[in-house]
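Down below is the structure, laid out as structure tokens.
The values are calculated or read from the model by the stated rules, or taken from the named source; none is laboratory data. The model shown is predicted, which means the values in this text are computed figures rather than measured ones. Here the Cβ positions follow ideal geometry from the backbone for every residue, glycine too, while neighbour counts run over all protein chains shown. For accessibility, only protein heavy atoms count, side chains too; no ligands or nucleic acids. Shrake-Rupley method; radii C 1.70, N 1.55, O 1.52, S 1.80 Å.
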Amino acid sequence: MVGYGGLTVGDTLFLFFQYVILAYFVFICCSYAILTFLGLRSILHYNRLMSPQTIRPLLQSRAYRAISILVPAYNEEKSIVASVRSLLSLHYPVFEIIVVSDGSRDATIDRLCEAYSLDEITLTAYHAVIPAKAVKRLFRSLLYPNLIVVEKENGGKADALNVALNLARYPLICAVDADSTLDVQALVRTAYLFIEDDLTIAVGGTVRPLNGAVIQDGQLVEIRLPTGWLERLQIVEYSRAFFAGRAGWAQIGILMIISGAFGVFKRDAVLEIGGYRTNTVGEDMDLVMRLHKHYRRLRRPYRIRFTPDPLCWTEVPGDLKTLRRQRNRWHRGLWENLWEHRDMLFNWRYGAIGLIGVPYAWFVEAVSPVIELGGYIFLGVSVLAGFLNLEFAFYFLLLAILFGLLLSLMAVGIETLLLNRYAYLSERLLLIASAALEFFGYRQVLLWERFRANFQVWGKRGQWGAMERKGFR
Amino acid sequence: MWRRVGSYLYHLVLLIILVVELTTLAALVYTLLAYSNLHQALAGYDFLKLALVICTVCILVLVAYILIYPPLSQRADVRYQRRYAVWLQRWCDVLLDVADLPRAPLPSVGIAALLDQSALLAGSDSKWLGAVVSRYGLERRWLREAKSRRVDQRLAALAALEAAALPHTLPLVLEQMHSRHLLTQIAAARAAVRILAVMPDLHPKHDSVLQVATALVEVHLPPGIVEEILSLDLRASQPLLTELLGRRVLPVTLVQPLIAVVGQLRLVDMAARIADFVTSPRPAEVAAALRTLTILGYFPPVALPVVRRYALDTHAAVALEAVRLLALLPLERVQDVLWRALAHPVWEVRRETIYALLQYGTPGIELAQQAAQQHSDEAALHIARQFTLIPGQQGAPELWLGTAV
């Protein structure tokens, strides 16, 4: 059989695959480099804007809009008291905290009752503007009038957020994970963006792994590197994802996800689109996508912004089983959202989101496990069949790894240099080592989990899976 | 949060690395695509190896930077702090006439130490800083930088002008209040108030007061910012508030912060003017006025029927502040309305009413206890129970919170 240009069909196919892999490699490298560059620009701009001179009057100011902090909690007895204490100590003029226990089967409510002298109040205060599972009990703290606790039937994180949204009274809402802790200036720094530009409807913040850090009286007092390699690898991953990825996307107005661990929204905007969608595990991405969609359809000007300030600290999985489960869920969430909003793909009505953001999410983020795994298999087969020059393959693979390492180190640099973190030389060395080790096993394990998730999207729709927590130190 | 120095250098390093890497990548792709079959493209190997070497060099630069820069910058910080302490001492000596003024030009650390003196200087000494700044002609640079396109430079210059508080810089500062950038507006407004405070013979009709007041009216700053700016210095705020509150027409967003500042600065002389806003058609203004009157401890004699009505108002903020204000009067005059306010649909108002009752001591506590047993409204009954019993001990009469108080 003769294929293209006198080559056999096998040779033509082989050539085709070579070019596909080369093109994919080049595209990924270029897009990551461009995003890193854009992210850096965003950070530089933000760094200037939030310099010590500027932040001083902002911190003293009382100009901010009041915020309702929504905290969905499910079986969080280990960390909920510390989390709420951390939230209560935030520097912000007016805010309320609404903790929603989503049918917790552990002692989440009891721990809160003991710590904050909760007293049950009548359910008349609750009006279900957005439909949600039934509320069983409503509590207010006698010690902190701005703390409300709700006990409801289990309905998932999005359902718990909807209940909290129904109770929220203030113009801004801030969704926070119960296992997260916020920087004391988190609300001030985020809410400033709403004052600066009235068109802002949502602001996402940088989320950093909390593992290894020391918390005292609800506040982060020391940032240390965790002892586990798995957690260290996630620190590198989070640095890259937030400082290079999201900061870059936000710079060109295509931010499609605001982390569920920390995000501030205009309450009216969220209510307008009917609150959180409950039949997905990617409710955070879904909310932002629907906000884009809603405002673009109505041709209303809006802005969804991102602050590179590390404002939220969250506990990342310390064991491989939980991590795999988390990444499986994240990838399923991505697919669920992309499928739900498939009409946005290459749709000019949605501007840059439809023409760049959504196609990138489809063809780079969602499909990447298939292509990457295909690449590994192709490489193995080619080498075994003697199609590929071993030396060439080795150099090419090495270049891919080194380029990835370079991008990771750039993000690590932002963390250690610009943010003045990890003062000990040993910690910085470990972080650099983690950036290098990421390519040997860790990425492949997660790649496999994401690959599997591609085929579990429909079977496991809406399933979260349990998360093992160690709690704060 | 972010490191104050070094960010530009790191960005430059990263920019160079990115450019080098992308150029290498592009050249590599170009070289490889020149061949019809990649595994025959042995000539491309050399370029691939070159790309590897460049990538490795970039990584090594970055690793070295990550490892070496923090201790270096830490040492630089320590050196800066030491120099700063020396300069601080030098300025103190100059202030106390122990030493002569240092020779020009001043280093940046010397200027920073000089400006930081502003927080420590009060009364007649506060003009010393301005005199020193004028002597060195520093304000000329700041006036230039206050118009800079770079936000951080602009803000730093305005902060310096605020610290120096030189009257002749007021026109430029007012010009910056009309900037489109909110942070610049805030910094300029702060500087304007500080400058105004050092001007002699200030009165509400002083030219500078009128200029600043007009700027505050024209520039739509968020209410909280106005509040903060007007609370900065009593000497400037009092004439400004008198002038602004004396105007017939004011932007709606400005009224509420002006009322609030009168309370914060405890300007009892203006209580009667604030009382006029009790009958405003805007609930936010009414609430602010009631709050200020509570802080000032002033109950407008003719306002009792209105305030009693407000205690049951559907606007929670108005009802809340009305209850607080009513608590200034003897219990017998307000107990009927407080009893009714206990049944207010908003929890915060009910809670405030209980606090108001507890303020009266034994008679108020007894009334709260009575409400906990006899109030006809279920919500009132519940809130009174919450606050008169220690949580978790309901039903044990000896544990009345009132007894403990």
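From the residues in the stretch B:12-28 that are surrounded by fewer than 18 Cβ atoms within 10 Å (Cβ to Cβ) and not small (G, A, S), which one is nearest to the other protein chains (Cβ to nearest Cβ)?
Once the filter is applied, the top-ranked residue is B:L22.
Counting the residues of the stretch A:224-241 that are in contact with a helix residue (DSSP H, G or I) (Cβ under 8 Å, 6 or more places away or on another chain) and open to solvent by less than 30 Å² (accessible area, probe 1.4 Å) gives 8. Taking the criterion of being open to solvent by 20 Å² or more (accessible area, probe 1.4 Å), β-branched (V, I, T) and modelled with pLDDT of 90 or more, would at least one residue in the stretch B:286-295 satisfy it? Within the stretch B:286-295, one or more residues are open to solvent by 20 Å² or more (accessible area, probe 1.4 Å), β-branched (V, I, T) and modelled with pLDDT of 90 or more. For the stretch A:246-264, filtering for residues that are more than 17 Å from A:S68 (Cβ to Cβ) and either free of Cβ contacts under 8 Å to residues at least 12 places away in the same chain or not in a loop (DSSP other than H, G, I, E, B) (or both) leaves 6. Residues in the stretch B:188-198 that are among the aliphatic types (A, V, I, L, M), in a helix (DSSP H, G or I) and over 13 Å from the mean Cα position of the chain (by Cα): B:A188, B:A191, B:A192, B:V193, B:I195, B:L196, B:A197.
I need the full set of residues from the stretch B:223-244 which are hydroxyl-bearing (S, T, Y) and within 11 Å of another protein chain (Cβ to nearest Cβ), in order please. B:S231 - this is the single residue of the stretch B:223-244 that is hydroxyl-bearing (S, T, Y) and within 11 Å of another protein chain (Cβ to nearest Cβ). A single member of A:I121, A:I173 is among the β-branched types (V, I, T), more than 13 Å from every other protein chain (Cβ to nearest Cβ) and out of contact with any His (no Cβ under 6 Å at 6 or more places or on another chain), and it is A:I173. The helices (runs of 4 or more DSSP H) found wholly in the stretch B:324-405 and carrying at least 1 residues that are open to solvent by less than 20 Å² (accessible area, probe 1.4 Å), at pLDDT 80 or above and away from chain A (no Cβ under 11 Å) occupy B:331-341, B:347-359, B:362-374, B:378-388. Within the stretch A:354-396, the residues that satisfy the criterion of being open to solvent by less than 50 Å² (accessible area, probe 1.4 Å) and out of contact with any helix residue (DSSP H, G or I) (no Cβ under 9 Å at 6 or more places or on another chain) are A:P359, A:G380. Here the stretch A:166-200 is the region considered, the condition is being polar (S, T, N, Q) and open to solvent by 10 Å² or more (accessible area, probe 1.4 Å), and the residue that is farthest from A:R305 (Cα to Cα) is A:N166.
For the stretch A:311-324, does any single residue satisfy the condition of being more than 30 Å from A:D183 (Cα to Cα) and touching a Lys or Arg at 6+ places or on another chain (Cβ under 6 Å)? Looking through the stretch A:311-324, none of the residues is more than 30 Å from A:D183 (Cα to Cα) and touching a Lys or Arg at 6+ places or on another chain (Cβ under 6 Å).
Scanning the stretch A:397-419 for residues that are open to solvent by 20 Å² or more (accessible area, probe 1.4 Å) and without any contact (Cβ under 8 Å) to a residue 24 or more places away in the chain yields A:L397, A:L398, A:L402. Any residue in the stretch A:108-115 that is touching a Phe, Trp or Tyr at 6+ places or on another chain (Cβ under 6 Å), without any contact (Cβ under 8 Å) to a residue 60 or more places away in the chain and buried (at least 19 other Cβ atoms within 10 Å of the Cβ)? No, every residue in the stretch A:108-115 fails to be touching a Phe, Trp or Tyr at 6+ places or on another chain (Cβ under 6 Å), without any contact (Cβ under 8 Å) to a residue 60 or more places away in the chain and buried (at least 19 other Cβ atoms within 10 Å of the Cβ).
Restricting B:R248, B:R235, B:R273 to residues that are among the basic types (K, R) and either crowded, with 18+ Cβ neighbours inside 10 Å or out of contact with any helix residue (DSSP H, G or I) (no Cβ under 7 Å at 6 or more places or on another chain) (or both) narrows the list to B:R248. Does the stretch A:73-92 contain any residue that is over 22 Å from A:G282 (Cβ atoms) and within 14 Å of another protein chain (Cβ to nearest Cβ)? Yes, the stretch A:73-92 contains at least one residue that is over 22 Å from A:G282 (Cβ atoms) and within 14 Å of another protein chain (Cβ to nearest Cβ).
Just one of the listed residues (A:R246, A:R277, A:R300) is at pLDDT below 95, among the basic types (K, R) and either touching a Phe, Trp or Tyr at 6+ places or on another chain (Cβ under 9 Å) or crowded, with 24+ Cβ neighbours inside 10 Å (or both), and it is A:R246. Suppose we filter A:V203, A:V221 for residues that are part of a strand (DSSP E or B) and buried (at least 24 other Cβ atoms within 10 Å of the Cβ); which single one remains? Among A:V203, A:V221, only A:V203 is part of a strand (DSSP E or B) and buried (at least 24 other Cβ atoms within 10 Å of the Cβ). For the stretch B:32-52, the condition holds for at least one residue, the condition being that it is modelled with pLDDT of 85 or more, facing chain A (nearest Cβ under 8 Å) and either part of a loop (DSSP other than H, G, I, E, B) or farther than 30 Å from B:L115 by Cβ (or both).
Would you confirm whether any residue within the stretch B:71-79 is modelled with pLDDT under 90, over 40 Å from the mean Cα position of the chain (by Cα), open to solvent by less than 40 Å² (accessible area, probe 1.4 Å) and within 13 Å of chain A (Cβ to nearest Cβ)? No, every residue in the stretch B:71-79 fails to be modelled with pLDDT under 90, over 40 Å from the mean Cα position of the chain (by Cα), open to solvent by less than 40 Å² (accessible area, probe 1.4 Å) and within 13 Å of chain A (Cβ to nearest Cβ). What are the residues in the stretch B:1-11 that are modelled with pLDDT under 70, at the interface with chain A (Cβ under 7 Å from one of its Cβ atoms) and open to solvent by 10 Å² or more (accessible area, probe 1.4 Å), if any? Hits for the stretch B:1-11 are B:M1, B:W2, B:R3, B:R4, B:G6. Selection of the stretch A:79-95 for residues being crowded, with 19+ Cβ neighbours inside 10 Å and over 15 Å from A:Q219 (Cα atoms) yields only A:F95.
For a quick check of your reading of the model, give me the residue pairs whose first member lies in the stretch B:102-113 and is touching a residue at least 24 places away in the same chain (Cβ under 8 Å), whose second is among the basic types (K, R) and part of a helix (DSSP H, G or I), with beta-carbon atoms closer than 7 Å and at least 6 apart or on different chains. Within 7 Å, the pairs are B:V109/B:R83. In the stretch A:128-149, the residue that is modelled with the lowest pLDDT out of those that are in a loop (DSSP other than H, G, I, E, B) and within 13 Å of chain B (Cβ to nearest Cβ) is A:L142.
From the list B:L121, B:L50, B:L129, B:L114, pick out the single residue that is surrounded by fewer than 19 Cβ atoms within 10 Å (Cβ to Cβ) and under 30 Å from the mean Cα position of the chain (by Cα). Only one candidate qualifies: B:L121.
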